[in-house]
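Here the structure comes first, spelled out in structure tokens, and everything after it is commentary.
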Amino acid sequence: MTRRRATRDIARRVSAAGPFAGTPPAQLRVVTPHVEVLTAAEDVALVRAGAAVREFYIVESGSIDVHDDGRIVDVLVAGECSDPRPLLTRMPSAYELTAARGSVVLILDRRQFVTALDVVPGFARRLLTSLAT
């Protein structure tokens, strides 16, 4: 697993992903310096069921498996993101999240996620829309 701070092109990459899609890169300047990029050389557990959620995950490529009691109940693919509810409510995760080998995942910590809700135009609305569907 390789986890590193984002490269110079991160604003472009984030603006093409998940609930940030379509946001001009210039409007992401507040959060993009803090985005981490995870490249999974093997399957990587991101969140354990029952554990505190500290990060928001966006699949750039590959997938994240969502497990409930050992069974895969959902697969997040490129452009999809982790459920923000446990991050917002500070409740433990009901699911385990595992990034599949070869996946690239963009990661925002809780503080940067909340900052994005406050300052990135349209982000909160798109996130709420995704929760409602």
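The values are calculated or read from the model by the stated rules, or taken from the named source; none is laboratory data. Every value quoted in this text rests on a predicted model; they were computed, and no experiment measured them. Note that we place each Cβ from the backbone using ideal geometry, even for glycine, and neighbour counts take in every protein chain shown.
Structure notes:
Yes/no per residue for (1) in contact with a helix residue (DSSP H, G or I) (Cβ under 7 Å, 6 or more places away or on another chain); (2) at positive phi:
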{"site": "Val44", "(1), (2)": "no, no"}
{"site": "Glu60", "(1), (2)": "yes, no"}
{"site": "Ser63", "(1), (2)": "no, no"}
{"site": "Asp69", "(1), (2)": "no, yes"}
{"site": "Ile72", "(1), (2)": "no, no"}
{"site": "Gly79", "(1), (2)": "yes, yes"}
{"site": "Pro86", "(1), (2)": "no, no"}
{"site": "Arg110", "(1), (2)": "yes, no"}
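- Enumeration of residues in segment 25-59 that are loosely packed, with under 14 Cβ neighbours inside 10 Å, acidic (Asp, Glu) and over 16 Å from Leu76 (Cβ atoms): Glu42
- Top-ranked residue of segment 1-22 - restricted to ones that are modelled with pLDDT of 80 or more and touching a Lys or Arg at 6+ places or on another chain (Cβ under 9 Å), ranked as farthest from Glu80 (Cα to Cα): Ala11
- Qualifying positions in segment 30-75 - assigned to a strand (DSSP E or B), under 22 Å from Ala11 (Cβ atoms) and of a type outside the set (Phe, Trp, Tyr): Glu36, Val37, Leu38, Thr39, Glu55, Ile58, Val59, Glu60, Ser61
- Among residues of segment 39-56 that are in contact (Cβ under 8 Å) with a residue 60 or more places away in the chain and among the polar types (S, T, N, Q), those with a beta-carbon under 8 Å from a residue that is part of a strand (DSSP E or B) and surrounded by 13 or more Cβ atoms within 10 Å (Cβ to Cβ) at least six positions away or on a different chain give the pairs Thr39/Val104.
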